[in-house]
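First comes the structure, then the notes that go with it.
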Amino acid sequence: MVGMRKKVEQKFLSNYQNYYRLAYSYVKNESDAMDIVQESAYKAMKEHASLKKEEYISTWIYRIVINTALDYIRKNKKEIVGIMGEEKSYEDTYMNFDMMDLLNNLEEDDRTIIILRFFEEEKLEDIARITGDNLNTVKTKLYRSLKKLKSNMEDFESSEIGKVW
Amino acid sequence: MKKKTQSNYIKDMEQIKEVKSFKDAKEMDDLKYMNDMKKEYNDIIIPAALKNKVEESIMKGKKDNMKKNTIQVMKSGIITAAAALLAIVILANSNQSIAHAMKNIPIIGAITNVVTFRTYKDKTKDFEANIEVPKIETDDKDENIKKAAEEVNKSVEDYTNMLIEQYETDMEASEGEGHYAVDTSYQVITDNDKIFTLRIDTVVAMGGSNSFSKFYHIDKQSGNIFTLKDVFKENTDYIKVISENIKKQMREQMAADESITYFFENEETKEWNFEEIKVDQNFYFNKNEELVIVFDKYEVAPGYMGMVEFTIPAEAIKDIIN
């Protein structure tokens, strides 16, 4: 039992940045994202006993983060700011905020699957455990989201702005 | 918005090289935007104060975990009472079913009846469930068939209990909020002197919907329960033979009809394109005694295709079938 507790703690401490980014993708601002990560850390440590298998520590924590983010949004019903670029300043990037807008155009659960799959490189089976969907549902959502992203991307590229860019 | 300069173009090319495991320019193009998004996602700034806050929360969580253990005993007492109450409700339900709502399906020439043992019904706010639990009743003199029927009944009960448990867990977790409907029904697909096949279909509707089924088969001549593997001679590669035939059908269907899509020879879904059937893939024998392979919704095709079936021509498997 102590072993599991230590492992959960270590996993959280080495990955809290990833959890932060994921939380950020839900609430789009720094202070809410921090609250969510803190609360997730608390929950993970408090409830570590419910976790039986070491190989599921990562997916279990992701699940906590996502559920905490969703609860947060539900309870606060805040107006979530859409554009991400506000807090950063890039000198040398050719990219603008449209890339993340593409992502933000997706439904929450679709976006989460894209993030977990392509940015966090999780396996599909693990994503199914994290989201509580069955594997086939995850595949379908992924398939559908990729299609949507691709078509939005094509729209952007063929638009006036896209041609200049 | 900046126009692309030469240095940016070079950056593009370097980023493109980063992307692993794809083969041609078209894929590169498609995945390039994914890399761009990934870069911007990874550029989300982590606040300096976060680390300390996380460490503090971890400490607090550890502390509260130790406090929590003392109230565990009281909690399990409450859970037991609730479970007992639920069991009583189900029993009352089942007596009623048998007395009044019994669905008797006598099949001409057959010696088994399948009845609705009970129907689990629930409606809590936006959650509803209607789960029929079938039971095979046989007055067959054959002891073997009786035994097989009992085994199937037990298996069916475990399966439907699992569905009920899943429903209840989800319902309690969200306190009945959010549309969610489970509907489980059954049919006897085959009942002749050779085999008996029972099919249980479940549709779960919540936002989108999911459909899946489970089949149970009894070989009447031997009185044994059998699965797909038992249909074929030992040590034959039935998985490969059947899968190749299905692939052929998928290819033909997609070529003939644009509205048909399978996860096969499809660039966009290449990670989960159909490779082969499962060892215990769902199946049944149709009226012409041909083998039909059944896939759950989303298993080999997008949702709009629903559950898909493939009839395997006798020619394809005549050498390996029992």
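The values are calculated or read from the model by the stated rules, or taken from the named source; none is laboratory data. Keep in mind that what you see is a predicted model, and the values were worked out from it rather than measured. Cβ atoms come from the backbone with ideal geometry, glycine included; neighbour counts cover every protein chain shown. Just the protein is used for accessible areas: all its heavy atoms, side chains included, with ligands, DNA and RNA removed. Shrake-Rupley method; radii C 1.70, N 1.55, O 1.52, S 1.80 Å.
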Of all alpha-carbon pairs in segment A:3-83, indicate the percentage at a distance above 22 angstrom. 23
Tell me which of B:Ile239, B:Ser213, B:Tyr298 sits at the most positive position along the dipole axis of segment B:197-322, charges placed on C-beta atoms (Lys, Arg +1; Asp, Glu -1). B:Ser213
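Chains A and B: what accessible area do they bury, summed, in square angstrom to the nearest 100, with a 1.4 Å probe? Working shown, then result.
Details: alone 10640 and 21780 Å², together 26970 Å².
So the total buried area for this chain pair works out to about 5500 Å².
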Placing +1 at every Lys and Arg Cβ and -1 at every Asp and Glu Cβ, with all other atoms neutral, what dipole size does segment B:112-226 have around its Cα centre, in debye to the nearest 20? 360
With label points set 7 Å from each Cα along the Cα-to-Cβ direction at B:Lys121 and B:Asn286, the distance between them in nm comes to 3.5
Once both label points are put 7 Å beyond Cα along the C-beta direction, the B:Arg251-B:Met59 separation in nm becomes 6.6
Residues of segment B:188-210 with accessible area at least 10 Å² lower in the all-protein-chain context than alone (1.4 Å probe)? B:Asn210
Quote the FRET efficiency, to the nearest 0.05, computed for B:Glu177 versus B:Ile260 with a Förster distance R0 of 41 Å and r equal to the Cβ-Cβ distance. 0.65
Evaluate E = 1/(1 + (r/R0)^6) for B:Glu168 and A:Lys123, where r is the Cβ-Cβ distance and R0 equals 41 Å; express this FRET efficiency to the nearest 0.05. 0.90
Cut-off 17 Å, label point 7 angstrom out along Cα-to-Cβ of B:Glu267: give me the residues of segment A:109-150 whose amide nitrogen falls inside. A:143-144, A:146-150
So which residues of segment A:40-76 lose at least 50 Å² of accessible area, probe 1.4 Å, when you go from the chain by itself to every protein chain present? A:Tyr42, A:Met45, A:Lys46
Could you do me a favour and compute the accessible area per residue for segment B:132-215, 1.4 Å probe, result in Å²? 50
